[in-house]
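The values are calculated or read from the model by the stated rules, or taken from the named source; none is laboratory data. The structure presented is a predicted model; accordingly, all values stated were derived computationally and were not measured. Here the Cβ positions follow ideal geometry from the backbone for every residue, glycine too, while neighbour counts run over all protein chains shown. When the accessible area is computed, the model is the full protein with side chains, heavy atoms only, and any ligands, DNA or RNA have been set aside. Shrake-Rupley method; radii C 1.70, N 1.55, O 1.52, S 1.80 Å.
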Amino acid sequence: FKTCPGRVLCKLPCSGEKEVDLAVQSAKAAFKIWSQMSGMERCRVMLEAARIIREQREEIATMETINNGKSIFEARVDIDISWQCLEYYAGLAGSLAGEHIQLPGGSFGYTRREPLGVCVGIGAWNYPFQIACWKSGPALACGNAMVFKPSPFTPISVVRLAEIFTEAGVPKGLFNVVQGGAATGQLLCQHPDVAKISFTGSVPTGMKIMEMAAKGIKPVTLELGGKSPLIIFSDADLENAVKGALMANFLTQGEVCCNGTRVFVERKILDTFTKEVVKRTQKIKIGDPLLEDTRMGALINRPHLNRVQGFIKQAKEQGAEVLCGGDLYVPDDPKLKNGYYMRPCVLGNCKDDMTCVKEEIFGPVMAILPFDTEEEVLERANATKFGLAGGVFTRDIQKAHRVVAALKAGMCFINNYNVSPVELPFGGYKYSGFGRENGRAAIEYYSQLKTVCVEMGDVESVF
């Protein structure tokens with residue numbers, strides 16, 4: 001692999017009806033073996049997969065950088081989170097259990113936690129390898145098989161994950177990869193032998209998947225978009241708040257669903273905060289994502305870059321002020337001249353009714369908005385159809401907990417942002433979806449409960 005922005009990396013055929021059916025049937029056969037293994041047996045295989053990923057961290061991170069365009073610095077973090085995810089669920093695999101309930105007269109009942117069957121994972125292009133691990137980790141720990149479809153924009157690294165699972169010792173076909181776009185996804189969602197669908201992506205696509213799943217009464221996990229608020233109070237540690245705002249807006253070129261792109265700043269520190277954010281933003285090193293000192297790589301493709309640029313143009317037309325960035329960036333290296341680079345953008349003079357404040361841009365664009373009171377900012381922060389995340393920076397711990405309790409969002413941060421350890425559930429409210437990735441909560445979405453009632457005496461009959 002070499003960095004080759006704007007040029008074709010490889011070509012993959014889209015999986016049609018025949019290939020999708022083969023993948024599902026193969027997974028179905030593997031499920032019969034995997035689901036009958038003990039939790040400890042599954043644990044050992046998953047730990048081996050985690051070990052291989054950890055051992056090949058640099059190779060996989062490089063592949064992910066070329067696959068996606070993010071900096072190698074970030075890609076390494078993604079790969080670390082990936083093996084940690086598999087280790088975490090390997091640890092849970094041996095502890096999955098139901099409960100025993102004592103009933104009158106010596107009778108009793110018990111519950112069994114059972115796998116669903118063949119689960120489908122449909123991933124997004126911003127965290128291709130990590131999302132595949134987030135979905136396959138709990139699925140496999142619970143005894144399921146998985147057929148995974150990566151985004152057609154980032155098809156490469158998930159294939160390596162499939163190879164790693166095979167090397168680790170999962171039954172052949174337990175984790176299959178199919179390639180393609182919407183048509184392939186539709187075939188997966190409508191396949192009669194698919195038991196569950198987990199999707200990460202846009203709201204419109206999530207709606208379509210939910211509709212298709214409804215026809216087969218299939219459970220769905222949806223992790224969709226966001227327009228999350230980040231609230232900076234005047235008593236916050238300014239240095240920490242500035243760093244938090246950069247983390248909340250510019251990771252992976254701003255292509256992160258939970259980014260805190262509506263930055264509400266208490267008016268008395270607005271000028272100081274804004275000046276420091278602009279200063280730090282202008283220093284972000286853009287360029288070849290494989291270089292160690294690069295902190296912002298290329299956006300995913302030309303249409304998306306044009307879309308982000310369109311939001312900035314519209315913001316200016318609606319009265320926002322571009323305080324820095326927003327323009328295309330052409331690196332000095334001639335090999336990178338066709339790359340999809342832009343300078344990270346900070347918008348001032350923003351109003352709540354502007355398109356750049358209401359709609360998800362999914363690019364390196366931060367909107368700064370002043371506020372005066374806690375009550376006011378909470379009302380404005382919650383005035384959105386989304387509810388994926390939210391953050392608050394303050395030294396007042398009571399205020400911090402009070403604010404996050406009032407935020408209508410599934411993932412909240414206090415004095416940090418975009419920290420997502422695998423031990424903590426991740427997911428949204430409202431249009432940002434439902435169900436949870438990560439943590440023990442994910443087990444609920446990749447398993448089902450069976451209740452057994454045992455009578456130790458004669459049946460009491462009313463007949």
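Solvent-accessible area of T281, all protein chains in place: 0 Å² (probe radius 1.4 Å, heavy atoms, ligands and nucleic acids excluded). Taking every Cα-Cα distance in segment 54-95 and sorting them into 10 Å bins starting at zero, the pair-distance distribution P(r) comes out as 31, 43, 19, 7 percent. The long axis of helix 17-34 is offset from the longest Cα principal axis of the chain by roughly 60 degrees.
Here the label points at N306 and M37, each 7 Å from Cα along the C-beta direction, are separated by 4.7 nm in the simple model. A simple packing score, the average count of other Cβ atoms within 10 Å per residue, orders the peptides 72-80, 301-309 as 72-80, 301-309, with the highest score first. Taking each of K28/K149; K227/K335; K18/K196; K149/K227; K32/K208; K11/K227 in turn, the alpha-carbon distance tops 23 angstrom for K227/K335; K149/K227; K32/K208; K11/K227.
Taking only the C-alpha atoms of segment 229-414, Rg followed by Dmax gives 16.2, 53 Å. For Rg and Dmax of the Cα atoms in Å, the value calculated from this model appears in (1) 22.7, 76; (2) 34.7, 128; (3) 23.6, 88 under label (3). Along segment 299-308 the Karplus relation, 6.51 cos²θ - 1.76 cosθ + 1.60 evaluated at θ = phi - 60°, assigns HN-Hα couplings of 5, 5, 6, 5, x, 5, 4, 4, 5, 4 Hz to successive residues, with x for each Gly and Pro. Take every DSSP beta bridge whose two residues both sit in the chain; close to 35 percent of them are antiparallel. Normalised by 2.2 N^0.38 Å, with N the number of residues, the alpha-carbon radius of gyration of segment 338-413 equals 1.26. Taking the C-alpha atoms only, the angle from helix 57-68 to the longest principal axis of the chain is near 60 degrees.
Against the criterion of solvent-accessible heavy-atom surface with a 1.4 angstrom probe, F273, F434 sort, most first, into F434, F273.
First compute the accessible area of segment 2-225 with a 1.4 Å probe, then give the percent of it belonging to carbon and sulfur atoms. The computed percentage sits at 58. With a cut-off of 14 Å between beta carbons, the residues surrounding K316 carry a summed charge of -1, where Lys and Arg count +1 and Asp and Glu -1. Counting only aspartates and glutamates at least 8 places from K275 when in the same chain, those with an alpha carbon closer than 16 Å to its own are D237, E239, E266, E321.
Where does the chain land at 222 nm, in deg cm²/dmol rounded to the nearest 500, when only DSSP H runs of n ≥ 4 count, each adding -39500 (n - 2.57), divided by all residues?
Helices in the chain give a 222 nm mean residue ellipticity of -12500 deg cm²/dmol.
The 1.4 Å probe gives accessible areas that order W125, W34, largest first, as W125, W34. Model label points for T373 and K275, set 7 angstrom from Cα along the Cα-to-Cβ axis, are 2.9 nm apart. What whole number of Å gives the distance from the Cα centroid of segment 279-348 to the Cα centroid of segment 164-228? Going from one Cα centre to the other spans 32 Å. The solvent-accessible area of E99, taken with every protein chain present and a 1.4 Å probe, is close to 120 Å². In degrees between 0 and 90, to the nearest 10, how far off the longest principal axis of the chain does helix 128-141 point, with axes built from Cα atoms? Tilt of helix 128-141: around 20 degrees. Listed by chain and number, the aspartates and glutamates whose C-alpha is less than 19 Å from the C-alpha of K70, apart from same-chain residues fewer than 8 away, are E58, E59, D78, D80, E255, D288, E292, D293, D327, D332, D333. Applying 1/(1 + (r/R0)^6) with r as the Cβ-Cβ distance of F73 and T451 and R0 = 41 angstrom yields a FRET efficiency of 0.25. Cross-link partners for K450 among the lysines, with Cα-Cα distance under 16 Å and sequence neighbours closer than 8 places in the same chain left out, do not exist in this structure. If only the Cβ of Lys and Arg carry +1 and only the Cβ of Asp and Glu carry -1, the dipole of the chain around its Cα centre is close to 920 debye. Solvent-accessible surface of the chain, taken per residue with a 1.4 Å probe and all protein chains present: 44 Å².
A simple packing score, the average count of other Cβ atoms within 10 Å per residue, orders the peptides 211-217, 232-238, 391-397 as 391-397, 232-238, 211-217, with the highest score first.
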